[in-house]
Amino acid sequence: MSVESGNGSVDSLLATEHVTKAFGGLVAVEDVSFHVKPRSIVSIIGPNGAGKTTFFNMLTGLYKPTLGRILFGGTDVTGTRPDIITSLGVARTFQNIRLFSSMTATENVMVGQHARMKAGLFGSILRPPSVRKEEIAVRDKAREMLAYVGLAENHFGQLASNLSYGDQRRVEIARALASDPALLLLDEPTAGMNPQESARLTEFMEQLREERALTILLIEHDMKVVMGVSERITVLDHGTKIAEGQPEEIRADDRVIEAYLGKREGGQQG
């Protein structure tokens with residue numbers, strides 16, 4: 001179902017309406033309407049510089065759209081602060097892992113629960129029994145999330161900077177899950193992974209949807225992952241949406257082939 005200007009799709013968890021982002025004279029994303037249904041796995045793909053991460057940054061409140069609207073659960077969240085969007089049920093990971101290197105894996109995941117904690121400033125200073133009880137629950141949940149994403153228990157107390165790249169990815173996903181999101185945005189989650197690790201992550205995304213009723217939106221360059229896990233794919237090129245559909249439709253779309261491989265001239269690909 002296409003997004004209808006003014007209301008968005010009635011069955012969409014996330015919808016954008018004619019979203020545009022300009023940085024001075026540079027238009028990074030132009031007039032993109034888009035929707036994601038609950039409990040679906042959807043991918044955004046496109047060549048380098050296509051505007052994918054800029055689009056993610058608008059969805060999560062890091063950038064405010066120059067034009068257009070963003071709706072989450074039917075609520076207009078255009079230009080809303082990132083912490084508020086997180087509290088509404090949106091979590092993300094980043095293409096370049098952003099963990100606190102001087103904190104342990106457990107502490108990093110505890111940070112992810114901040115939006116759900118009840119203790120305010122005075123509670124944190126005075127530390128009454130209710131706050132101490134909440135801190136214990138937060139630590140226990142952090143350890144539960146780390147186990148869920150497959151981090152070995154003997155790594156829970158290690159500094160993030162001492163973990164392998166794959167384990168740092170696991171911690172980052174655990175931190176995102178700790179905020180109890182309805183929508184999980186993954187930015188290049190398989191970057192730096194070998195084929196076996198990528199296959200395991202693909203299985204894990206399907207597991208998250210089935211076990212936690214999560215909706216997943218990912219940016220990904222690995223076409224095997226994209227085609228294997230996505231129900232729907234949106235393709236951006238130079239900031240505009242050039243194609244959208246099921247994997248088999250995208251695979252055969254001439255505009256997508258041209259965007260990735262260049263124009264066909266005289267039987268040659270430029």
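Structure data summary
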read-out	value
Odd one out for Val256, checked against (1) surrounded by 18 or more Cβ atoms within 10 Å (Cβ to Cβ); (2) in a loop (DSSP other than H, G, I, E, B)	(2)
Among (1) of a type outside the set (A, V, I, L, M, F, W, C); (2) at pLDDT 95 or above; (3) part of a loop (DSSP other than H, G, I, E, B) - the single one Gln95 does not satisfy	(2)
Condition broken by Thr80, with the remaining ones in (1) in contact (Cβ under 8 Å) with a residue 24 or more places away in the chain; (2) hydroxyl-bearing (Ser, Thr, Tyr); (3) over 19 Å from Leu214 (Cβ atoms) satisfied	(1)
Inter-residue pairs, beta-carbon under 7 Å, first closer than 20 Å to Glu220 by Cβ and touching a residue at least 12 places away in the same chain (Cβ under 8 Å) and in segment 83-112, second in a helix (DSSP H, G or I) and among the aromatic types (Phe, Trp, Tyr), 6+ apart	Arg92/Phe56
Conditions (1) in contact with a helix residue (DSSP H, G or I) (Cβ under 7 Å, 6 or more places away or on another chain); (2) closer than 27 Å to Tyr260 by Cβ; (3) modelled with pLDDT of 90 or more; (4) not charged (D, E, K, R); number of the one not met by Ala178	(2)
Count - residues of segment 198-218 that are under 13 Å from Leu183 (Cα atoms) and either in contact (Cβ under 8 Å) with a residue 40 or more places away in the chain or touching a Cys at 6+ places or on another chain (Cβ under 6 Å) (or both)	8
Checking Asp180 against (1) of a type outside the set (A, V, I, L, M, F, W, C); (2) in contact (Cβ under 8 Å) with a residue 60 or more places away in the chain; (3) buried (at least 18 other Cβ atoms within 10 Å of the Cβ), the condition it does not meet	(3)
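The rows are residues; the columns are (1) crowded, with 19+ Cβ neighbours inside 10 Å; (2) at pLDDT 85 or above.
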site: Phe100; (1), (2): no, yes
site: Thr106; (1), (2): yes, yes
site: Gly112; (1), (2): yes, no
site: Lys118; (1), (2): no, no
site: Leu126; (1), (2): no, no
site: Ala142; (1), (2): yes, yes
site: Ala147; (1), (2): no, yes
site: Gly150; (1), (2): no, yes
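Yes or no, residue by residue, for (1) in a helix (DSSP H, G or I); (2) among the hydroxyl-bearing types (Ser, Thr, Tyr); (3) more than 29 Å from Leu62 (Cα to Cα):
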residue: Ser179; (1), (2), (3): no, yes, no
residue: Gly192; (1), (2), (3): no, no, no
residue: Glu197; (1), (2), (3): yes, no, yes
residue: Glu203; (1), (2), (3): yes, no, yes
residue: Gln207; (1), (2), (3): yes, no, no
residue: Leu217; (1), (2), (3): no, no, no
residue: Val226; (1), (2), (3): yes, no, no
residue: Glu249; (1), (2), (3): yes, no, yes
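The values are calculated or read from the model by the stated rules, or taken from the named source; none is laboratory data. Since the structure is predicted, the reported quantities are computational estimates derived from the model, not experimental observations. Reconstructed Cβ throughout: ideal geometry from the backbone, glycine too, with neighbour counts over all protein chains shown.
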